[in-house]
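Notes to accompany the following structure.
The values are calculated or read from the model by the stated rules, or taken from the named source; none is laboratory data. Just so you know, these numbers come straight off a predicted model, no measurement behind them. Glycine also receives a Cβ, built like all others from the backbone with ideal geometry; neighbour counts cover every protein chain displayed. Each accessible area value is taken on the protein alone, full model and side chains, heavy atoms only, with ligands, DNA and RNA left out. Shrake-Rupley method; radii C 1.70, N 1.55, O 1.52, S 1.80 Å.
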Amino acid sequence: LQSEQQTHDFDLAKRLQQIHPADRGQVQALIQRHLQGESQFYQASYRMQIGVDQWLWVLDRGKITARDAQQRPLRFSGTIQVIEQLKNTEQALTQLNEKLEQLVLDRTAQLAQSNTQLLSTISQLQETQQQLLEVEKMASLGTMVAGLAHELNTPLGVVVTSVSSVED
């Protein structure tokens, strides 16, 4: 059993060396959780080295299928599935999402600018409307004064003419 455990540890260590350094810690933690009985199965997606500076995304799933009397793992079975296309699609979706978010932010900024311009235009229209009301009031007042002046000038003109005639 001791030699089997050492072989198992060696294989695990070898496997961990094939995992991308950025993913290695997470994978090792997930494996340890399962080996200690904290989870019913092991599952992780990570980049596995397939050549010099070449990495392939995989989904690794496994489960302890046999334990000894002290509940130490004896057999670990699992599968590794290539998920490169899935990760590429996920990355493309993430990029599209980021572009969409940027478009939304840009459009929101444009709408805010348009809204500010509309508020300014409304304010100018209200001011112009107020000025127009004042002009209309003054025009009405002018018409009324002109009418009143006419009404007063006509009798005054007659009086002045009569006074001039009487003086002559």
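Rounded to 0.05, the FRET efficiency of the residue 36 and residue 97 pair, given R0 = 35 Å and the Cβ-Cβ distance, is 0.45. The simple spin-label model puts a point 7 Å past each Cα toward its Cβ; for residue 118 and residue 69 those points are separated by 8.1 nm. Fraction of C-alpha pairs exceeding 16 angstrom in the range 48-106: 67 percent, rounded to a whole number.
What number, rounded to the nearest 500 deg cm²/dmol, is the helix-based mean residue ellipticity at 222 nm of the chain, given -39500 (n - 2.57) per DSSP H run of at least four residues and division by all its residues?
When only DSSP H runs of four or more count, the value is -25000 deg cm²/dmol.
Over the range 87-163, all Cα pairs binned in 5 Å intervals from 0 give whole-percent P(r) values of 3, 12, 8, 8, 7, 7, 6, 6, 6, 5, 5, 4, 4, 3, 3, 3, 2, 2, 2, 1, 1, 0, 0, listed from short to long. Ligands, DNA and RNA left out, the accessible area of the range 1-148 computed with a 1.4 Å probe is 55% carbon and sulfur. Obtain the radius of gyration and the Kirkwood radius of the range 119-168 from its C-alpha atoms and give Rg over Rh. Taking Rg over the Kirkwood Rh, I get 1.52. Using only alpha-carbon positions in the chain, the gyration tensor eigenvalues give semi-axes of 101, 16, 10 Å once each is multiplied by 5 and square-rooted (largest first). For the chain, a simple Cβ point-charge model (Lys and Arg +1, Asp and Glu -1, everything else neutral) yields a dipole of about 1860 debye relative to the Cα centre.
A Förster radius of 41 Å combined with the Cβ-Cβ distance from residue 11 to residue 88 puts the calculated FRET efficiency at roughly 0.90.
Full extension of the segment from residue 162 to residue 22, taken as 0.36 nm per residue of separation minus the current Cα-Cα distance, would add 38.9 nm.
When only Cα pairs under 8 Å and 6 or more residues apart are kept, what is the percent relative contact order across the chain?
Working: 114 pairs, mean separation 17.7, N = 168.
This gives 11 percent for the chain.
What the range 2-161 shows is 78 Å² of accessible area per residue, with the surface traced by a 1.4 Å probe over protein heavy atoms.
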